[in-house]
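Quick notes on the structure that follows.
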Amino acid sequence: MTAPTPLIAGNWKMNGTGASIAEARAVAAQLDGRHVRVAICPPATLIQRMSEALAGTAVLVGAQDCHSEESGAFTGDVSAEMLADAGARLVIVGHSERRAGYCETDELVARKARAVVRAGLEPIVCVGETLAQRKAGKALEVVTGQVRGSLPRELDRKPYSLAYEPVWAIGTGLTPTLPEIEEMHRAIRAVLRELFGDDGDKPPILYGGSVKPDNAADILHAAEVGGALVGGASLKAEDFLGIIRAV
Ligand code: 13P
């Protein structure tokens, strides 16, 4: 089986206004056609404008979350269908900031992933252990459990990716060692094969958590690492391009 095309996705989190679209344009303008997919996931308010600004370029626009239902009385929420209508092609679900801050369970994350597929979009399903869980020797158990619980059957034969983001590595400048990253990515791949057979080899498994231009090459060339989900370093075109060029 050939390796999945690497994906480098930027998660802007709650950052960016209209003026920031210039950074996304600068990324698109400098892509050099290497074998990599690039996505930027801005706040929901920018999806439509960014999709229009990046039309015809190689940069895909994504969203950071969605509701599991298509429409209804859910004040403040946005459905996957609405994100598709605004121009999004991918949707991050199950980010640890949502699992922790909004009590999102594996079961809810699976429903959201199903909603993303229903809307014809591609989910990026996030998993990752806390520092306490890693220190207790439970990282593998926690993360493989999240993978089993957060992936709906509907993903079978659909494009999607996993993102392993250790909670303690997000925004801290800390990263696991390369052997720790490889161990986790191999364990995730084994669960994908168990769930989906040979098709479990297809989705790229991204690493996320303090990926910067200076550590990107090592991380991206580690075994079973199929790309990166980048937070802070995706906000500036030069930094994000430095990571893309490390593929
Ligand atoms: P940082 O790259 O800022 O550590 O954030 C990672 C992340 O949470 C991406 O989803």
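Some observations on this one:
- Some residue of the range 175-190 being within 13 Å of the ligand (Cβ to nearest atom) and under 20 Å from ASN15 (Cα atoms): no
- Against the numbered list (1) of a type in the set (Gly, Ala, Ser); (2) in a helix (DSSP H, G or I); (3) touching a helix residue (DSSP H, G or I) at 6+ places or on another chain (Cβ under 7 Å), GLY120 comes up short only at (2).
- Tally of residues being crowded, with 20+ Cβ neighbours inside 10 Å, of a type in the set (A, V, I, L, M) and closer than 16 Å to ALA88 by Cα across the range 1-31: 4
- Scanning the range 170-187 for residues that are in contact with a Ser or Thr (Cβ under 8 Å, 6 or more places away or on another chain) and either surrounded by fewer than 22 Cβ atoms within 10 Å (Cβ to Cβ) or of a type in the set (D, E, K, R) (or both) yields a count of 7.
- Every residue from the range 220-238 that is in a helix (DSSP H, G or I) and either near the ligand (Cβ under 10 Å from one of its atoms) or among the β-branched types (Val, Ile, Thr) (or both): GLY232, ALA233, SER234
- Verdict on ALA19 being among the small types (Gly, Ala, Ser) and under 18 Å from the mean Cα position of the chain (by Cα): no
- Single condition THR172 does not satisfy, out of (1) free of Cβ contacts under 8 Å to residues at least 40 places away in the same chain; (2) in contact with a helix residue (DSSP H, G or I) (Cβ under 7 Å, 6 or more places away or on another chain); (3) under 21 Å from SER96 (Cβ atoms): (2)
- ALA115 vs. criteria without any contact (Cβ under 8 Å) to a residue 12 or more places away in the chain, away from the ligand (no atom under 12 Å from the Cβ), over 21 Å from ALA223 (Cα atoms) and not in a loop (DSSP other than H, G, I, E, B): no
- Hey, LYS158 more than 16 Å from the ligand (Cβ to nearest atom) and either modelled with pLDDT under 95 or basic (Lys, Arg) (or both) or not: yes
- Qualifying residue in the range 71-90 (condition: acidic (Asp, Glu), farther than 29 Å from VAL167 by Cα and in a loop (DSSP other than H, G, I, E, B)): no
- Restricting attention to the range 218-240, the residues being closer than 16 Å to PRO176 by Cβ and free of Cβ contacts under 8 Å to residues at least 40 places away in the same chain number 1.
- Subset of the range 202-219 that is within 14 Å of the ligand (Cβ to nearest atom) and more than 20 Å from GLU129 (Cα to Cα) - its residue that is most open to solvent (accessible area, probe 1.4 Å): ASP214
- Residue within the range 32-49 that is within 16 Å of the ligand (Cβ to nearest atom), within 21 Å of ALA115 (Cβ to Cβ), without any contact (Cβ under 8 Å) to a residue 40 or more places away in the chain and assigned to a loop (DSSP other than H, G, I, E, B) present: yes
The values are calculated or read from the model by the stated rules, or taken from the named source; none is laboratory data. In this text the structure is predicted, and so the values were computed from the model without any measurement. Methodologically, a virtual Cβ is constructed for each residue, glycine included, from the backbone with ideal geometry; neighbour enumeration extends over all protein chains shown. The accessibility values were calculated without ligands, DNA or RNA, using every heavy atom of the protein model including side chains. Shrake-Rupley method; radii C 1.70, N 1.55, O 1.52, S 1.80 Å.
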